Structures are given as C-alpha cells and as structure tokens.
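What follows is calculated from the coordinates using simple rules that are stated; it is not laboratory data. Everything numeric in this text was worked out from a predicted model, so none of it was measured. Note: ideal-geometry Cβ built from the backbone for every residue, glycine included; neighbour counts use all protein chains shown.
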Amino acid sequence: MRLSQFFLSTSKEAPAEAELVSHKLMLRAGMIRRLGSGLYSWMPLGLRVLRKVETIVREEMNKSGAVELFMPAVQPAELWQESGRWAVFGPQMLKIKDRHERDFCFGPTHEEVITDIARKEIRSYRQLPVNFYQIQTKFRDEIRPRFGVMRAREFLMKDAYSFHSSFEDLQREYREMYDTYTRIFTRLGLKFRAVAADTGAIGGSGSHEFHVLADSGEDALAYCPDSDYAANVELAEALPPTASRPAPGATLEKVYTPGQHSIEEVSVFLKIEPSRMVKTLIVEGNDGPVALLLRGDHQLNEIKAAKLEQLPDEVRFAADTVVRDISGAAPGSVGPVGLNIPVLADRALMNLADFVCGANDTGHHYTGVNFGRDLPEPVFVDIRNVVAGDPSPDGKGSLELCRGIEVGHVFQLRTKYSEALSATFLDENGKSQVMEMGCYGIGVSRVVAAAIEQNHDDRGIIWPESMAPFAVVITPIGYHKSEAARQAADKLYQELGAAGVEVLLDDRDERPGVMFADAELIGIPHRVTIGERGLKEGMVEYLPRHESSARNVPLSEISKLLLDILKAA
C-alpha cells in the first residue's frame with residue numbers, strides 16, 4: 001500500500017480525557033475516532049489490526065471444529081423474559097421498542113438467541129455435540145465508558161456456544177476451548193495467563209478468564225510461580241493459618257481514641273501494626289444485619305462474601321443509622337464485643353490473639369481482645385482478598401500478584417439456559433434430556449487495546465508481528481526529488497509485495513523526521529530507509545521497531561533479509 005493512497009491521520013497529542021496509554025496511542029495513531037460516549041469508529045489503520053485479530057480467532061475456532069454463524073444484534077424481549085434475565089440483567093442492557101411498541105434489546109450477549117436456535121434445530125443426540133460461534137458487535141450500556149475501546153459501550157466480540165448430551169462431553173469441549181484460546185493468544189504474540197474465575201452474571205459451574213498481563217490491568221491476578229495455579233483475586237482461596245492461636249496475654253482494656261476512625265489512624269495512634277487490629281463491617285444479611293470481621297490489613301472480597309448462605313447475592317453495607325442502632329457507636333468505633341447479631345470472621349483471625357477492635361462507643365477502642373474469652377468464637381469463613389506471600393491453594397508455594405486485562409472467558413454453563421428455554425433432545429433410549437451448554441467469549445476489539453498496553457514505548461506502539469497493520473514500512477528520503485531513491489524504493493516495494501508481504505511505502509512529500517515519527521507511532525515492526533547517500537555505497541538502513549539503532553544492509557540483500565525474518569516470525 002502506498003501511503004499516498006491510504007488514509008493516515010496522526011497527531012502529536014491525545015485528547016485530555018484519554019487516560020490509558022492504549023487510548024492515547026490509538027487516537028494519536030489515527031486508529032479510532034470518537035463518535036460519542038463509549039462509541040468509536042475504527043479508521044482504516046485500526047481496522048487492519050482488528051481484522052488481523054479476527055482472522056486468527058476465526059482460523060483457530062474453525063480448526064477446533066466450531067461452526068460459524070451470525071445472529072441478530074437486536075433481540076426480542078420475549079427470549080430474555082423466558083430466561084428470566086430481562087428484569088435482572090441490569091441497566092447495562094439497552095432496551096428499545098419498535099414501531100409496534102414491542103420490546104427489544106441490543107444484544108449484550110447471545111445465550112438466549114443461540115439456545116432458541118438449538119431447541120428448534122436439535123432433536124436427537126446424533127446431532128450433538130455442536131459448537132456455534134460468531135464474531136459480532138455487542139452493546140453494553142456502561143455506566144462510565146472509559147479507556148477508549150478497552151471499556152466501550154459498543155465492541156466486537158467472538159462468542160461461541162456449545163451443546164452436549166452429557167456433562168462429560170461438555171468438560172471435553174471446555175478443555176478444547178481452553179487449548180484453543182491458548183493457541184489464539186500465543187499466535188497473537190501476547191504475554192497472557194489463564195486464571196480460574198467467578199462465573200458472575202453469565203452463570204454456570206466453572207470458568208476461566210484469559211488475561212493479557214499489563215500494569216494498567218483492571219484485574220488483580222494471583223498466581224504461584226512454582227506451579228500452574230492461577231486465579232482472579234476475587235476467586236483465589238485464602239487458606240486458614242496453620243499456626244495455632246496463642247493463649248491470651250493481655251487483659252481487655254477500653255482506651256480513648258479521639259478523632260481516630262480508620263484502621264490506619266487508630267494503628268498509628270496506638271502504635272501497633274494494622275495486622276493486630278480487627279475491623280468490623282456491618283452488612284445486610286438474608287435475615288437481618290450481619291457483622292463481618294477482617295484483619296486490619298486485609299480487604300473484603302465481596303464476591304466471596306456474596307456466596308455465603310447468610311448473605312444475599314450482592315453484598316450491601318448497612319446504612320449508618322442501622323450501624324448506630326446495632327452498636328450504639330458511629331462507624332469507625334464499631335467492634336464485635338457485645339454485638340447481638342451473627343458474626344462471621346475471616347479465617348486469618350483464627351490464630352489472632354490480644355487484638356484491637358472498636359468498643360461500640362464513639363471515640364473508643366478495645367485492646368487485648370480475645371475470642372472465647374471476651375466474645376464468643378465466631379464462624380470462620382474465607383472472605384478476604386489474598387495478598388502476596390499467602391500460601392498457594394495447591395500447596396506448592398506462595399502466591400504472587402500481578403495485573404491483567406481480561407480478553408477472554410470460558411464458561412461451563414451446564415443447563416442454566418437450556419432448562420429455562422426447554423432446549424431438549426432425545427437420547428439413545430428415546431428419552432428427553434436437557435442439553436448441557438458451554439459459552440466461550442473473546443473481546444476482539446479489546447485485544448487490540450490490551451496488546452498496546454503490553455507493547456509500547458515513549459515513541460508509540462510496538463505491534464507483535466501477527467497484529468501489525470503492515471509488516472514493513474519503506475521510508476525513502478526525498479522520494480519526489482531523488483530518482484535513485486524513488487527507483488530503489490519502488491523496486492523493493494514491488495519485490496516484497498510480490499512475495500506476499502504487507503508493505504507500506506511512505507511516498508508522501510514529507511520530511512524524514514515526520515516519516516520516522518509516524519512509522520514509530522503506528523508501530524510497524526520493520527522499517528527500511530532509503531536515501532541517496534546510502535545508495536552511493538549500495539546500502540540502506542534497516543531498523544526493527546523494538547530496537548533503537550539502525551544498521552546498514554546492502555540494498556541487494558535487504559529483500560531476502562526481510563523475507564527470512566518474517567518467515568521466522
């Protein structure tokens with residue numbers, strides 16, 4: 001492609017509202033343009049990258065045996081009402097009406113639609129298993145769209161849905177999809193990690209997330225460097241301490257802590273470590289308020305807490321007025337001693353003695369508190385986020401933490417949707433059975449942004465070879481003034497093109513600095529600079545994007561060098 005025939009619109013600065021590196025660079029490189037909140041047009045350069053990702057996803061899905069189809073983006077309310085999700089999916093669902101006042105939504109996902117297809121088309125076990133997939137636009141009305149295409153309202157997604165005659169066969173396909181995703185992200189040239197995850201609103205019995213590792217990632221991941229264990233922090237189990245609890249060594253004492261409310265403030269005031277403190281959180285339970293106890297230096301894991309039988313599916317903190325009615329104190333002075341409500345304590349407190357907690361008297365705390373002596377032994381549960389250094393749940397080392405950007409998710413849905421929508425088949429004995437289901441998604445447009453977050457420098461994007469919009473850029477110096485430079489550039493351009501290389505020839509009448517800056521910004525992996533001075537010695541300059549200094553290569557050898565490098569990549 002000659003740049004004079006392409007559309008490239010780069011800029012030196014990004015809008016002030018762009019926060020993440022990927023958002024800034026995609027705008028500066030002219031890959032995307034904002035239409036409205038969370039809505040972006042993919043410009044020609046960005047679309048080339050998007051299609052590269054899409055092609056790899058499609059090739060690997062086809063290789064796995066999945067079958068591509070395409071479903072409507074607009075879905076009738078009746079299907080969602082039948083599954084029970086119309087009222088509970090939440091405000092992320094964009095609901096619309098047609099001219100007949102019938103309810104529809106712009107699909108945020110397609111479990112209902114694909115299950116409707118399956119129940120109408122599949123009659124016998126002989127038609128199973130089958131895995132349908134599509135690559136299609138989704139819409140989720142994010143409360144706060146941000147970070148460009150990383151968290152846009154409209155996005156491109158690959159979603160697949162498998163149907164099975166048995167749970168064992170679902171498990172087989174789940175492993176196949178896990179392996180397929182591993183191949184996809186490996187081919188994309190990304191550093192990634194698959195982690196056990198919560199099933200969330202999609203539901204099901206088990207799931208794994210695939211994360212591109214990046215410091216800017218929204219998700220915290222826990223992994224063991226000495227084993228294969230990895231999980232999202234929201235799911236990673238915090239094991240109970242192995243050491244037994246020491247005997248009480250201090251007496252219970254009420255101390256005055258004026259104006260000290262937070263764990264940090266009280267620990268500094270009393271000159272103790274936050275790990276010697278217990279914080280008390282009052283939440284709404286199924287049968288009234290419940291107290292949750294955590295060590296002062298630990299954080300509540302709301303996903304874990306919501307799975308406790310005593311609590312609803314979503315953790316809701318009690319209002320300040322309720323806290324005062326229960327404890328007689330303002331938040332910040334609340335503690336478990338004397339509370340007349342159910343108390344659930346995190347496992348980390350099992351071996352804690354002589355701790356500090358609120359005294360249920362505003363501006364006061366207890367020191368020297370001990371379970372079994374000063375208050376009843378609570379029910380111990382796992383309700384905290386793991387931290388670096390915690391023992392790995394598989395018993396093979398200690399956990400470390402990193403950040404990740406979720407780009408894929410696989411679920412074992414089981415019969416959540418097939419039961420609700422009556423998707424059944426006749427087994428070998430002619431008996432009606434409910435289909436087992438799996439669900440497998442990849443955020444295709446999000447992958448592009450995640451790749452940039454992982455691969456960039458202060459000059460711009462550094463694309464993995466498989467995602468780059470072009471493999472090679474030729475930057476001739478004085479293309480419109482030097483006949484020698486123009487002929488050499490045109491010849492190399494034709495040779496590479498004939499060999500199937502996607503090459504961009506910068507034939508604009510621009511200064512070298514502008515051409516170099518644009519080439520680095522848009523991240524083309526290989527740059528060849530051709531100028532009269534070098535040609536006099538039969539040389540051109542070759543600069544890989546990930547390196548900082550160019551090297552001279554004989555003009556007669558540059559084509560073969562590039563082809564060999566690209567073939568190896």
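Packing-wise, with mean Cβ within 10 Å as the measure, how do 44-52, 444-452 rank, highest first? Can you show the working numbers first?
Values: 44-52: 19.2, 444-452: 27.6.
Top to bottom by mean Cβ count within 10 Å: 444-452, 44-52.
Rounded to the nearest 0.05, what FRET efficiency do ASP394 and ARG144 give with R0 = 45 Å and r taken as the Cβ-Cβ distance? Could you check? It comes to 0.75. Only the Cβ atoms of Lys and Arg (+1) and of Asp and Glu (-1) were treated as charged; on that basis the dipole of the range 452-543 about its Cα centre amounts to roughly 300 debye. When you count the other C-beta atoms within 10 angstrom of each residue and take the mean per peptide, 517-525, 379-387 line up highest first as 517-525, 379-387. Which percent of Cα pairs goes in each bin when the distances of the range 218-260 are cut into 5 angstrom slices starting at zero? For the range 218-260, the pair-distance distribution reads 5, 14, 11, 12, 10, 10, 12, 16, 9, 3. Averaging the sequence gap over all C-alpha pairs within less than 8 Å and six or more residues apart, then dividing by the number of residues, gives the range 470-568 a relative contact order of 29 percent.
Sorted ascending by nearby beta carbons within 10 Å, beginning with the fewest, TRP86, TRP80 become TRP86, TRP80. Start at zero, step by 5 Å, and the Cα-Cα distances of the range 253-381 spread as 2, 12, 23, 25, 22, 13, 4, 1 percent across the bins. Summary of the geometry: the range 458-508 and the range 329-390, compared by the centres of their Cα atoms, lie 66 Å apart.
With a simple spin-label model that places each label point 7 Å from the Cα along the Cα-to-Cβ direction, the separation between ASP457 and ARG245 comes to 5.7 nm.
Is the shape of the range 470-568 rounded, prolate or oblate, going by the alpha carbon gyration tensor and its root eigenvalues a ≥ b ≥ c, with a/c under 1.5 for rounded and a/b larger than b/c for prolate?
Values: a/c = 1.35, a/b = 1.13, b/c = 1.19.
Taking the square roots of the gyration eigenvalues as a ≥ b ≥ c, the range 470-568 is rounded.
Label-to-label distance, VAL322 versus SER41, with points set 7 angstrom from Cα along the beta-carbon direction: 4.9 nm.
About its Cα centre, how strong a charge dipole does the chain have in debye, to the nearest 20, once Lys and Arg get +1 and Asp and Glu get -1 at the Cβ?
1300
Compared with the dominant Cα axis of the chain, that is its longest principal axis, helix 167-187 is turned about 50°. For the range 253-381, the relative contact order works out to 28 percent when only alpha carbon pairs closer than 8 Å and six or more residues apart are counted. Residues within the reach of a label modelled at GLU273 (point 7 angstrom out along Cα to beta-carbon, backbone nitrogen below 12 Å), restricted to the range 372-408: there are none.
Mind checking the full-extension length gain between ARG551 and LYS120? Use 0.36 nm per residue of separation minus the Cα-Cα distance, one decimal, nm. Write out the running numbers ahead of the final one.
Values: separation 431, 0.36 × 431 = 155.16 nm, distance 6.32 nm.
Gain on extension, ARG551 to LYS120, equals 148.8 nm.
Packing-based ranking of 467-480, 234-247 yields 467-480, 234-247, ordered from highest to lowest mean Cβ neighbour count within 10 Å.
Taken as Cα centroids, the range 124-163 and the range 262-296 sit 40 Å apart, rounded to the nearest whole angstrom. Normalising by the residue count of the chain, find the relative contact order in percent from Cα pairs under 8 Å and 6+ residues apart. Value for the chain: 17 percent. Legend: translational diffusion of the chain by Stokes-Einstein, Rh = Kirkwood radius over C-alpha pairs, 37 °C, 0.692 mPa s; D = 119 µm²/s.
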